[in-house]
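Heads up, the thing below is written out as C-alpha cells.
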Amino acid sequence: MESDNAITALAALAQTTRLEAFRLLVQHEPDGLPAGELARLLDVPQNTMSSHLSTLARAGLIEGERQSRSIIYRAKLDGLKELMLFLLKDCCGGNADLCAPLIAELTPCCSPQEATQ
C-alpha cells in the first residue's frame, strides 16, 4: 500500500458515522448490509449515508453490489488488511520481533519475517 492510499483510508475512517458503518460491515461479513439498513442502524438519513458509503468505497474499504432494488455493501477485508500491514510494517523502530505476534495474526499465510519484508 502506498502512503497516499493509506492516508485516504485513514481519512475515510476519521469520521464517526463512517467508522461505525465500516465496523458494522466488518461484523456482518460475508453477507454485508443494504445501504438502507445501515442508515437505519446508525440513525442517519439515507442520502447522508450514501455520501459516507461513497467515501468509504473510494478509499477501497468497502464495495457495493446491486441486488434487485438494493445495494448490499460489504467490507473489503483485503483493503483493511493492507492498511493494517502498512501501519505495522516499520513497527517498533524496525524491530520486527516485537510486532511479530500482531503481524502473524494479520498474515497467517506467511511468517512474520516474510510479512515485514
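The values are calculated or read from the model by the stated rules, or taken from the named source; none is laboratory data. Everything quoted here is computed from the prediction, not taken from an experiment. Heads up, the Cβs are rebuilt from the backbone with ideal geometry, glycines too, and the neighbour counts pull from every protein chain shown.
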Of the residues in the range 1-30, those that are closer than 19 Å to residue 83 by Cα, surrounded by 15 or more Cβ atoms within 10 Å (Cβ to Cβ) and polar (S, T, N, Q) come to 5, 8
When restricted to 83, 33, 38, the only residue in the same structural domain as residue 105 (by TED's automatic domain parsing), buried (at least 16 other Cβ atoms within 10 Å of the Cβ) and either in contact with a strand residue (DSSP E or B) (Cβ under 7 Å, 6 or more places away or on another chain) or not charged (D, E, K, R) (or both) is 83
Being touching a helix residue (DSSP H, G or I) at 6+ places or on another chain (Cβ under 9 Å), in contact (Cβ under 8 Å) with a residue 60 or more places away in the chain and in a loop (DSSP other than H, G, I, E, B), is that true of even one residue in the range 19-37? no
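Scan the range 58-86 residue by residue and report those that are of a type outside the set (Asp, Glu) and farther than 30 Å from residue 104 by Cβ. Steps first, please.
Let us first name the residues in the range 58-86 that are of a type outside the set (Asp, Glu), namely 58-62, 64, 66-77, 79-81, 83-86.
Selection gives 58, 64, 66, 67, 68, 69, 70, 71, 72.
Out of all the residues in the range 48-65, is one or more in a strand (DSSP E or B), free of Cβ contacts under 8 Å to residues at least 24 places away in the same chain and outside the structural domain of residue 100 (by TED's automatic domain parsing)? Spell out how you get there, then give the answer.
Let us first name the residues in the range 48-65 that are in a strand (DSSP E or B), namely 62-65.
From the residues that got through so far, the ones that are free of Cβ contacts under 8 Å to residues at least 24 places away in the same chain too are 63.
Next, only the ones that are outside the structural domain of residue 100 (by TED's automatic domain parsing) stay: 63.
Yes, the range 48-65 has at least one match.
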Considering (1) modelled with pLDDT of 85 or more; (2) over 19 Å from residue 6 (Cβ atoms); (3) touching a helix residue (DSSP H, G or I) at 6+ places or on another chain (Cβ under 7 Å); (4) not in a strand (DSSP E or B), say which one residue 74 fails and leave the rest. (4)
Determine, yes or no, whether residue 4 is within 15 Å of the chain's Cα centre (by Cα) and among the acidic types (Asp, Glu). no
Which of the residues belonging to the range 55-85 are within 18 Å of residue 13 (Cα to Cα) and over 13 Å from the mean Cα position of the chain (by Cα)? 64
